[in-house]
Structures are given as structure tokens and as C-alpha cells.
Amino acid sequence: MGVTLAFPPRMMRRATAAAYLDLSTAEFEREVAAGRLPMPVRFGNHDHWSTAAIDQAVAKLSGETGSTWREKAGLYAQAG
């Protein structure tokens, strides 16, 4: 019997993390360098990204978690 792995894995190498976000490797690296995505951790002999950390960064970027600057700005505040 073969081994069945869950996707996405808990820790991903660069190409897998980029594919997870539907980005090219170059786009992924630019987002990491810009600080919009988390930095890698050294795991084994390679850099890896945490799936949970990526998910958290994307949730923050998309406004899925926490308050956004629009909610704090009177001009753009949504009427209740």
C-alpha cells in the first residue's frame, strides 16, 4: 500500500507554497520580500513555509480576520 498525504502539507517548499497560492515562484518571492507573506524557516536542508502562517497572512490581506484600516477610517466606515 502507498502512503497517502494530505494536501497541502503542513510545511511547504518554495514551489509548492507558490502553487498553493496560484503564484509563480518569482511572484511568491516578491510577496515574501515585500513582507506580505511570511519568511521561510529552515527545515531539513531546505527553506519551508508554514501552511498555517501563509493562511493567516492571506486572511489578513483579504480582510477575513481582524479589523481593516477601512473599518477604522471615518471616511470609509460602513454604515451600520
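The values are calculated or read from the model by the stated rules, or taken from the named source; none is laboratory data. The model shown is predicted, which means the values in this text are computed figures rather than measured ones. Cβ sites come from the backbone with ideal geometry, for glycine too, and all protein chains shown count toward neighbours.
Could you tell me whether Leu37 is within 16 Å of Pro8 (Cα to Cα) and at pLDDT 95 or above? Criteria not met by Leu37. Please go through the range 41-80 and pick out each residue that is modelled with pLDDT under 90 and under 12 Å from the mean Cα position of the chain (by Cα). The one that is modelled with pLDDT under 90 and under 12 Å from the mean Cα position of the chain (by Cα): Ser62. When residues in the range 10-19 are screened for being free of Cβ contacts under 8 Å to residues at least 12 places away in the same chain and either within 13 Å of Ala53 (Cα to Cα) or β-branched (Val, Ile, Thr) (or both), 1 of them pass. Close contacts from the range 20-43, counting a first residue that is among the aromatic types (Phe, Trp, Tyr) and a second that is assigned to a strand (DSSP E or B), with Cβ to Cβ under 7 Å and a gap of 6+ residues or different chains, come to Tyr20/Met12; Phe43/Met11.
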